[in-house]
Amino acid sequence: LDCGAFNGDTVKEALEFCPQGMARIYAVEADSISFEKLTGFIHTLPEAVVSKIHALQLAIGEEHCQLRFECNGTATSRASEDGVLVECFTIDELFKDKRVDIIKMDIEGAEYGALLGGRKVMGRDRPILAICVYHTQNDIWRIPLLVHDLLPEHKLFLRAYEGDGFQTVLFAVPRDRVL
């Protein structure tokens, strides 16, 4: 499950990392401009791969609602009072009957609420998590604490991809899946 799929950059990396393929990928993007780029990228892939990728134009959050979303086609698109109305769903709602093995979230500060909206699925499936924790000052500590509460058996790792703390990601991995 790729929350904040942007233009398909993470989907592309996942396919390169796992060339034998995955059962399916759900790529979620609320920004209509980025969603168009995402679907354009997906249609460049072989049909056997395309059939496994489900692009969803919506937001992921703590509750099912409509929210205003700033659609500017950049990696920093996010909920905004000045944006267009976008449907927002919870992970629990969308995936109540579907198994989720990995969740990646880069949703510009909405990660905490989205995790709360996925607590049932996470408890059921024990997925690997890759959650951005750099969008707000509080996320660096409150998201790891929340993940620890939701998935106490997971091992947690922080990785900063840039020296200044930007692009810092929390990884949570079930102990039996740690290499």
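The values are calculated or read from the model by the stated rules, or taken from the named source; none is laboratory data. Just so it is clear, the structure is predicted and the values come from calculations on it, not from any experiment. Here the Cβ is made from the backbone with ideal geometry for all residues, glycine too, and neighbour counts use every protein chain on show. We work out accessible area using only protein heavy atoms, side chains counted, and drop any ligands, DNA or RNA first. Shrake-Rupley method; radii C 1.70, N 1.55, O 1.52, S 1.80 Å.
Structure data summary
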quantity: First in the range 39-53 and closer than 18 Å to Gly73 by Cβ, second anywhere and open to solvent by 40 Å² or more (accessible area, probe 1.4 Å), Cβ under 8 Å, 6 or more apart; calculated: Phe41/Asn7; Phe41/Lys12
quantity: Residue among Glu16, Glu29, Glu62 that is free of Cβ contacts under 8 Å to residues at least 24 places away in the same chain and under 21 Å from Ala130 (Cα atoms); calculated: Glu16
quantity: Strands (runs of 3 or more DSSP E) fully within the range 46-103 counting 1 or more residues that are modelled with pLDDT under 95 and not aliphatic (A, V, I, L, M); calculated: 65-69
quantity: Count of the range 74-83 residues which are open to solvent by less than 40 Å² (accessible area, probe 1.4 Å) and more than 18 Å from His135 (Cα to Cα); calculated: 1
quantity: Residue identified as hydrophobic (A, V, I, L, M, F, W, C), crowded, with 21+ Cβ neighbours inside 10 Å and either in a strand (DSSP E or B) or at pLDDT 95 or above (or both) among Leu156, Leu115, Leu146; calculated: Leu115
quantity: Val11 in contact (Cβ under 8 Å) with a residue 24 or more places away in the chain, touching a Cys at 6+ places or on another chain (Cβ under 8 Å) and buried (at least 17 other Cβ atoms within 10 Å of the Cβ); calculated: no
